[in-house]
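Visitor: Would you mind keeping the following structure in view while I ask a few things?
The values are calculated or read from the model by the stated rules, or taken from the named source; none is laboratory data. Just so we're clear, the structure is a prediction, and the values are computed from it rather than from any experiment. All Cβ positions, even for glycine, are placed from backbone atoms using ideal geometry, and neighbour counts span all protein chains on display.
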Amino acid sequence: MMYLEQPPKLVLTRLFSAMPEEFRRRGVRSAWADANKGGAPVDCFIEGPAFDRDGNLYIVDIPFGRIFRISSEGVWSLVVEYDGWPNGLKIARDGRILVADYLNGLMEVDLQAGAIRPLLRHRNSESFKGCNDLHIASNGDIYFTDQGQTGLHDPTGRVYRLRADGRLECLIANGPSPNGLVLDREEAVLFVAMTRDNSVWRVPLTNDGGVAKVGRFHTFFGTSGPDGLAMDTNGRLFVAHASLGHVFVLQANGECVARVKSCAGPACTNVARNAANDTSAITESSTGSVLVADIAHV
């Protein structure tokens, strides 16, 4: 992690809310934990934070197929539970809640019915490897990652764009574990966290709808790697690192100017900005906690 002029500013977090005991699945074995945690029991694994217009925070619980809403007062309520592994969640400008589901592809939440339905399950009748996260452009295009179990040993992870008119385009087909992703403010460059490469890729979008000159924007270290990404109004990239216990703030040139330190465990998996009060919400997945940090002066 590079800094050019001075060490990154340290920003501390505080606990906003942790999953209540009533929702924790203690002692329950899950196929997700068998595959991703070596069979170690997990009572939850939260990711995908996103704020709605009213300041409620939505998150997913991957191993048990659950989506929760957390009020601004920290009160948890179950929105839907279903047969799936919801991994990423975003809220569109029209209020639709979209989910990247590892088992089922892209999904859409029906809040009124308390249900979830498929939006896109496959490409040309071929199942996805395992969808991880998504980002919604201002024109309604949906960018999403198809991570599966890819890595440096098998760099075949994909990054897709689902156009608002229904066209599906593969932008990257050689990703070593593509994970979180976000567009820059001009929506001319896509940033993608490549977890097993322990880096963030910079993906310029071309005028003809393709990509060119893709490169590594920033390189990290650790037993895991960068996970969720977010962009602020100043063009700075927020990178949640799943094993270093921080969210790193990168300038447009890739320099790390701040590090937001977890007050809970090391698994900072996702970050969401709350523009209403200039704070960030961070999912710390190993403890099932949501942390908050003041970022107004970062």
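So that you can scan it fast, the table gives a plain yes or no per residue for (1) in contact with a strand residue (DSSP E or B) (Cβ under 6 Å, 6 or more places away or on another chain); (2) modelled with pLDDT of 95 or more; (3) closer than 25 Å to Phe238 by Cβ:
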residue	(1), (2), (3)
Ser17	yes, yes, yes
Gly38	no, no, no
Asp43	no, yes, no
Gly55	no, no, yes
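Visitor: Regarding segment 209-229, can at least one residue be identified that is buried (at least 21 other Cβ atoms within 10 Å of the Cβ), charged (D, E, K, R) and outside any strand (DSSP E or B)?
Guide: No: zero hits.
Visitor: With the condition kept exactly as written, say whether any residue in segment 152-174 is assigned to a strand (DSSP E or B), of a type in the set (Ser, Thr, Tyr), farther than 24 Å from Ala35 by Cβ and at pLDDT 95 or above.
Guide: Looking for residues that are assigned to a strand (DSSP E or B), of a type in the set (Ser, Thr, Tyr), farther than 24 Å from Ala35 by Cβ and at pLDDT 95 or above, one finds none in segment 152-174, hence no.
Visitor: A further question follows. For Arg185, state whether it is loosely packed, with under 14 Cβ neighbours inside 10 Å and either touching a residue at least 40 places away in the same chain (Cβ under 8 Å) or in a loop (DSSP other than H, G, I, E, B) (or both).
Guide: For Arg185, the condition - loosely packed, with under 14 Cβ neighbours inside 10 Å and either touching a residue at least 40 places away in the same chain (Cβ under 8 Å) or in a loop (DSSP other than H, G, I, E, B) (or both) - is met.
Visitor: When both residues are 6+ apart or on different chains and their Cβ atoms are under 6 Å apart, which pairs have a first residue that lies in segment 241-266 and is part of a strand (DSSP E or B), and a second that is among the charged types (D, E, K, R)?
Guide: Pairs found: His246/Arg259; His246/Lys261; Phe248/Arg259; Val249/Arg236; Ala258/Lys9.
Visitor: Search segment 151-182 for residues being touching a residue at least 40 places away in the same chain (Cβ under 8 Å) and in contact with a helix residue (DSSP H, G or I) (Cβ under 7 Å, 6 or more places away or on another chain), and hand back the single one that is surrounded by the fewest Cβ atoms within 10 Å (Cβ to Cβ).
Guide: For segment 151-182, the residue satisfying everything is Leu152.
Visitor: Checking Gly215 against (1) free of Cβ contacts under 8 Å to residues at least 24 places away in the same chain; (2) under 23 Å from Phe16 (Cβ atoms), which test does it fail?
Guide: (2)
Visitor: With respect to the numbered conditions (1) buried (at least 21 other Cβ atoms within 10 Å of the Cβ); (2) closer than 20 Å to Leu12 by Cα, which one is the sole condition not fulfilled by Val192?
Guide: Failing condition for Val192: (2).
Visitor: Somewhere in segment 231-238, is a residue part of a strand (DSSP E or B) and surrounded by fewer than 21 Cβ atoms within 10 Å (Cβ to Cβ)?
Guide: So far as segment 231-238 goes, yes, one or more of its residues are part of a strand (DSSP E or B) and surrounded by fewer than 21 Cβ atoms within 10 Å (Cβ to Cβ).
Visitor: Continuing with the same structure: Given the conditions (1) in contact (Cβ under 8 Å) with a residue 40 or more places away in the chain; (2) in contact with a Gly (Cβ under 6 Å, 6 or more places away or on another chain); (3) not charged (D, E, K, R), and given that Val109 satisfies all but one, which numbered condition is not satisfied?
Guide: Failed condition: (2).
Visitor: Looking only at residues that are farther than 21 Å from Ser30 by Cβ and without any contact (Cβ under 8 Å) to a residue 24 or more places away in the chain in segment 40-60, which one is farthest from the chain's Cα centre (by Cα)?
Guide: Asp54
Visitor: Hey, among the residues in segment 1-50 that are of a type in the set (Val, Ile, Thr) and not in a loop (DSSP other than H, G, I, E, B), which one's farthest from Asp61 (Cα to Cα)?
Guide: Val11
Visitor: Just wondering, is there one or more residues in segment 265-286 that are closer than 13 Å to Ile46 by Cβ, out of contact with any helix residue (DSSP H, G or I) (no Cβ under 8 Å at 6 or more places or on another chain), surrounded by fewer than 21 Cβ atoms within 10 Å (Cβ to Cβ) and not hydroxyl-bearing (Ser, Thr, Tyr)?
Guide: Taking every residue of segment 265-286 in turn, at least one turns out to be closer than 13 Å to Ile46 by Cβ, out of contact with any helix residue (DSSP H, G or I) (no Cβ under 8 Å at 6 or more places or on another chain), surrounded by fewer than 21 Cβ atoms within 10 Å (Cβ to Cβ) and not hydroxyl-bearing (Ser, Thr, Tyr).
Visitor: A follow-up question, please. Within segment 111-126, take every residue that is surrounded by 13 or more Cβ atoms within 10 Å (Cβ to Cβ) and farther than 11 Å from Ile67 by Cβ and give me the one that is modelled with the lowest pLDDT.
Guide: Taking the candidates together, the pick is Arg123.
Visitor: Within segment 271-281, is even one residue without any contact (Cβ under 8 Å) to a residue 40 or more places away in the chain, part of a loop (DSSP other than H, G, I, E, B) and either at positive phi or under 18 Å from the mean Cα position of the chain (by Cα) (or both)?
Guide: Yes, some residue in segment 271-281 is without any contact (Cβ under 8 Å) to a residue 40 or more places away in the chain, part of a loop (DSSP other than H, G, I, E, B) and either at positive phi or under 18 Å from the mean Cα position of the chain (by Cα) (or both).
Visitor: Given Ser71, Ser77, Ser30, which one is hydroxyl-bearing (Ser, Thr, Tyr), surrounded by fewer than 22 Cβ atoms within 10 Å (Cβ to Cβ) and touching a Leu at 6+ places or on another chain (Cβ under 9 Å)?
Guide: Of Ser71, Ser77, Ser30, the one residue that is hydroxyl-bearing (Ser, Thr, Tyr), surrounded by fewer than 22 Cβ atoms within 10 Å (Cβ to Cβ) and touching a Leu at 6+ places or on another chain (Cβ under 9 Å) is Ser71.
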